[in-house]
1. Using the per-residue mean of other Cβ atoms lying within 10 Å as a proxy for protection, in what order, highest first, do the peptides B:96-107, B:410-421 fall?
2. In 20 Å bins starting at 0, how do the alpha-carbon pair distances of chain B split up by percent?
3. Identify, among B:A445, B:L159, B:G429, the residue whose Cα sits farthest towards the positive end of the charge dipole of chain B, taking +1 on the Cβ of Lys and Arg and -1 on the Cβ of Asp and Glu, with the dipole about the Cα centre.
4. Between 0 and 90 degrees, rounded to the nearest ten: what's the tilt of helix B:159-176 against the longest Cα principal axis of chain B?
5. Suppose every K and R has +1 on its Cβ and every D and E has -1 on its Cβ; what is the size of the dipole of region B:404-454 about the Cα centre, in Debye to the nearest 20?
6. Take the alpha carbon atoms of region B:39-97, find their center, do the same for region B:249-326, and report the distance between the two centers in whole angstrom.
7. In debye to the nearest 20, how big a dipole does region B:141-220 give about its Cα centre with +1 on each Lys and Arg Cβ and -1 on each Asp and Glu Cβ?
8. What GluC sites (Glu not before Pro) does region B:75-126 have in DSSP loop regions with at most 11 other beta carbons within 10 Å?
Amino acid sequence: MKHIKTVNKPTLQSTVNKGGCGECQASCQSACKTSCTVGNQTCEK
Amino acid sequence: MREAIHKFEQGGRYILLDVNSGSVHFLDRMAYDMMDVFDGTNDEETVRALAGKYPETELREALSELHELMDAKQLFAPDISVPPTFAAEGVVKSMCLMVAHDCNLRCEYCFGGTGEYGGTRELMSREVGEAAVEYIIEHSKGRKHCEIDFFGGEPLVNLPVVKHVTEYVRRREKETGKIFKLTLTTNGLLLDESVREWLNENHVSLVLSLDGRREVHDRVRPDAGGNGTYDRVLKNFRAMVDSRDGKDYYLRGTYTKYNLDFTEDVLAMADAGFDVLSVEPVVAKDAPYAIEEADMPRVCAEYDRLTEAYLERRREGKGFFFFHFNMDLSGGPCVAKRLSGCGAGHEYYAVAANGDLYPCHQFVGREGYRLGSVFEGVTNKELPRYFRESHVLNKPKCKDCWARFFCSGGCHANADLFHGDIREPYEVGCAIQKKRLECAIRVQAELALQQAEG
């Protein structure tokens, strides 16, 4: 494309009906303790 | 109206985030302007609106590219509702153990009232610690991965109980098949050689508190006698991190109104030889160090500076990991996780020194938020349900916001502090979070492109 450069291949839509296993880390446990960004968590699967 | 896209300029890039797919696109200036008008259905209106500024052939070319993205579900992707994978009830798998409502520092901004949490100085007993472990084992149900964070106050002032609980956890892991990740958050004052060795032998991850530059740290983190602590804790942190080959730690700082030039603090931490960093804003009300609405232009400009400094250091081969710039644009958590957020009150509880359960460490001692105790279980059945349902799609100010699938709706404790309602987000926190997300998206997009282009 000439006007647009797409930088990622996201999977958000595909996780609507799968996921939810709950094995991932609690976000506030990771580093911050005062804010709970969830976008920077990783999936354990 | 629910925001389906978010466009922003960051570091000279014109960036478009498609909220419901998570797609990130770099646009040229013309396509960026087109997105003020284009809604996926109005090609002619878009051309008319911009025909005076750009050649029509170019506009139509860009429109065809935009439609291509829509066909690939990377632009105006379908709205996301609460998925069936988001169970009605949470499974408690993480706990913050307040092993010491006591501290050997007197940090000016401490939300725990320098360790007391509005009560008296108190240490957790072995019995409470063991009961907390049993509570997680029972209530984490089929979940294999569980977490315990030793917190305070300063957890190392109650080291015997930290050791006892750790040994207990390791024994129960073998008996139950659970895997516990243990973390300890410390100010570093008591981190001597024997503690170091024990932490390493027992695979305890660490959050080490340091506020950047010496003068910044010493101003807000004095010891009980009012003396600066920077030199002492830095020496201990250095030895600690070296002793575990730089693994399993975060060096974490807080910035306040006193150091809105916090890029200098992040770089000071990196220059001191640490490369896994997190620095974030103090949350306070009516205090001289509190960050207020009026500080936001300065705070945003500083995140711009930090972003450029972060990328510059990487280019120089001196890169570091910064917690809030870390984001997996292609993978990342599932929708259910994005709704669960931090899990406070439904997947994650804090245990006060006396065994009382609270939604998280920040709620400890707050009236009306006691859930029960590790001995009697949760007696307030309504609260966990209310926390579980207080996700971004149920909060009036969050459900339409572009950041809804990244921020998890902000911190409940902060919302309660400012508005007395966990569903009413703390505005300054939201503004900072959004700015940080824009910076993170820019950083990760830049790195992804660099990788793709070799």
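1. With the highest mean Cβ count within 10 Å placed first, the list reads B:96-107, B:410-421.
2. Spelled out bin by bin, chain B gives 22, 55, 20, 3 percent.
3. B:L159
4. That helix lies at roughly 70 degrees to the long axis.
5. Dipole of region B:404-454, to the nearest 20 debye: 60 debye.
6. Their Cα centres are 31 Å away from one another.
7. With only Lys, Arg, Asp and Glu charged at Cβ, the dipole is about 580 debye.
8. Listed in order of number, the matching sites are B:E89.
Since every read-out is calculated from the coordinates, none of them should be taken as a lab result. This structure is a prediction, so every number in the text was calculated from the model and none was measured. Methodologically, a virtual Cβ is constructed for each residue, glycine included, from the backbone with ideal geometry; neighbour enumeration extends over all protein chains shown.
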